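Chemist: Here you go, one structure.
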Amino acid sequence: MLLITGANGQLGTELKALLPDAMCADVADLDITNEKAVLAFVKENKIDTIVNCAAYTAVDKAEDEPEKCEAINVTGVKNLAKTGAKIVHISTDYVFDGTGHKPYTETDPANPVSVYGRTKRDGELILENIAQTYAIIRTAWLYSPYGVNFVKTMRRLGAEKEMLNVVADQIGTPTCASDLAGAVVHVLKQLKDGTREIYHYSNEGVCSWYDFAREIMKLSGLKCRVNAIESAQYPTKAKRPFYSVLNKSKIKTLGIEVPHWQESLEKCLKKF
């Protein structure tokens, strides 16, 4: 039996549509920070594979709640790994410091610069140390019609305001959750006993948050003007990587096609 944790989040929601026979659990059904509860749940439901979409993802709030962030992103992953199930685990571009200038490969050294990034990296290391079979998929700038994300925020603000300031010096690639879900299913099918891999998946192409915001306004038919600003003009509690483009060469060897971010954004907006 396959279990999807964090099943009500952006990725979990998309995965449920692609994996209708999977068992789905969100925090109300299973608290992954509770080791006894996790071990009992997995045993009782004969779970042999887990897709872990559960995560603490409030990047700025994590700076004030490091223990809560660590409980979900580190202890929760440890508890899932202890079950002995095969695991596909979702991680992040925030494990990198963003000081590079070429797309990050899976073997580039991680150096997180925020509590969120550090806990996600620690979760990866836990899997590498405990799990016998796993695939870690790092992704970036996730959005969908569900949950809280940049696209939904920009559409809401764009309808309310005439002008918005958005940072133009943080570079990465947006990822449509439905595309990522397809990649996860592909990886699942090839998850053999003893697999121990890290993959990178985001949509194709490169942009800044400013470029992304402008494209959202254009495709949504919103007249809101977007101004480019520097990160220094928009201070946040957590430090962000300035450059976190992911190299997708490795995951493409599995036969996964990666659409361009603009194409995926246009397709996703039609579902709103």
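Chemist: Run the accessible area of segment 198-272 with a 1.4 Å probe and give the carbon-and-sulfur part as a rounded percent.
Modeler: Working: 1950 of 4010 Å².
After summing per-atom areas, the C and S share lands at 49 percent.
Chemist: Counting pairwise Cα distances across segment 132-197, what percent come out greater than 17 angstrom?
Modeler: Details: 1250 of 2145 pairs.
Of all Cα-Cα distances in segment 132-197, 58 percent exceed 17 Å.
Chemist: Whole-Hz Karplus ³J(HN,Hα) for segment 119-129, in order, using 6.51 cos²θ - 1.76 cosθ + 1.60 and θ = phi - 60°, x for Gly and Pro?
Modeler: Running phi through 6.51 cos²θ - 1.76 cosθ + 1.60 with θ = phi - 60° gives 5, 5, 5, 4, x, 4, 5, 4, 4, 4, 8 Hz.
Chemist: Go through segment 210-225 residue by residue and turn each phi into a ³J(HN,Hα) via Karplus (6.51, -1.76, 1.60, θ = phi - 60°); whole Hz please, and just put x for glycine and proline.
Modeler: My calculation for segment 210-225 gives 4, 4, 4, 4, 4, 5, 4, 4, 4, 5, 8, x, 9, 8, 4, 7 Hz in order.
Chemist: Computing the accessible area with a 1.4 Å probe over protein heavy atoms, can you report the carbon and sulfur percentage for segment 1-126?
Modeler: In segment 1-126, the share of accessible area belonging to carbon and sulfur is 52 percent.
Chemist: Leaving ligands, DNA and RNA out of it, rank D21, D26, D64, D31 by accessible area with a 1.4 Å probe, largest first.
Modeler: Descending accessible area places them as D21, D64, D31, D26.
Chemist: Any chance you could list P(r) for the chain, counting all Cα-Cα pairs in 10 angstrom bins from zero, rounded to whole %?
Modeler: 7, 30, 37, 20, 5, 0
Chemist: Which whole-Hz ³J(HN,Hα) couplings does segment 29-45 yield from phi under the Karplus relation 6.51 cos²θ - 1.76 cosθ + 1.60, θ = phi - 60°, glycine and proline marked x?
Modeler: My calculation for segment 29-45 gives 8, 8, 8, 5, 7, 9, 4, 4, 5, 5, 4, 5, 4, 5, 5, 4, 9 Hz in order.
Chemist: For segment 115-158, what is the Kirkwood hydrodynamic radius in Å, using each pair of distinct C-alpha atoms?
Modeler: 13.0
Chemist: May I ask you to give the solvent-accessible area per residue for segment 19-103, in square angstrom, as obtained with a 1.4 angstrom probe? Mind dumping the intermediate values first?
Modeler: On the way: 4100 Å² over 85 residues.
Accessible area per residue: 48 Å².
Chemist: When a/c reaches 1.5 or more, the comparison of a/b and b/c decides; with that in mind, is segment 50-134 rounded, prolate or oblate per its Cα gyration tensor?
Modeler: Oblate is the answer for segment 50-134, as a/c is 1.5 or above yet b/c matches or exceeds a/b.
Chemist: What GluC sites (Glu not before Pro) does segment 187-252 have in DSSP loop regions with at most 13 other beta carbons within 10 Å? Mind dumping the intermediate values first?
Modeler: Working: sites: E197, E204, E215, E230; in loops: E230.
Those satisfying the criteria are E230.
Chemist: If amide H atoms are built 1.01 Å from N in the plane of the peptide, which residues on other chains or at least 5 residues away come under 5 Å of the amide H of C24?
Modeler: For C24, whose amide H was placed from the backbone, the distant partners under 5 Å are I4.
Chemist: Give the residue list of trypsin sites (Lys or Arg not before Pro) in segment 1-63 that are DSSP loop and have at most 16 other beta-carbon atoms within 10 angstrom. It would help to have the intermediate numbers written out before the result.
Modeler: Values: sites: K16, K36, K43, K46, K61; in loops: K46.
In loop regions of segment 1-63 (DSSP not H, G, I, E or B), the sparsely surrounded trypsin sites (Lys or Arg not before Pro) are K46.
Chemist: Could you order V113, V206, V184 by accessible surface area, starting with the largest, using a probe radius of 1.4 Å?
Modeler: I get V206, V113, V184, largest accessible area first.
Chemist: What accessible area, in Å² to the nearest ten, does a 1.4 Å probe give for W209?
Modeler: Its heavy atoms expose roughly 40 Å² to the probe.
Chemist: Quick one: what does P(r) look like for segment 136-246 with 10 Å bins over all Cα pairs, in whole %?
Modeler: Values per bin, smallest distances first: 13, 39, 31, 12, 5, 0.
Chemist: Still on this model: Which residues' amide hydrogens lie under 5 Å from the amide hydrogen of T105, considering only partners 5 or more residues apart or on another chain, with H built in the peptide plane?
Modeler: Amide H to amide H, under 5 Å and 5 or more residues apart or across chains, T105 pairs with N247.
Chemist: Shape verdict for segment 1-95, please, from the Cα gyration tensor: rounded (a/c under 1.5), prolate (a/b greater than b/c) or oblate.
Modeler: It comes out oblate by the Cα gyration axes.
Chemist: Just going by the charge dipole of segment 124-272, with Lys and Arg at +1 and Asp and Glu at -1 on Cβ, which of W141, F242, C224 is farthest out on the positive end?
Modeler: Value computed over the given set: C224.
The values are calculated or read from the model by the stated rules, or taken from the named source; none is laboratory data. Every value quoted in this text rests on a predicted model; they were computed, and no experiment measured them. Note that we place each Cβ from the backbone using ideal geometry, even for glycine, and neighbour counts take in every protein chain shown. All accessible areas refer to the heavy atoms of the entire protein, side chains included, with ligands and DNA or RNA removed. Shrake-Rupley method; radii C 1.70, N 1.55, O 1.52, S 1.80 Å.
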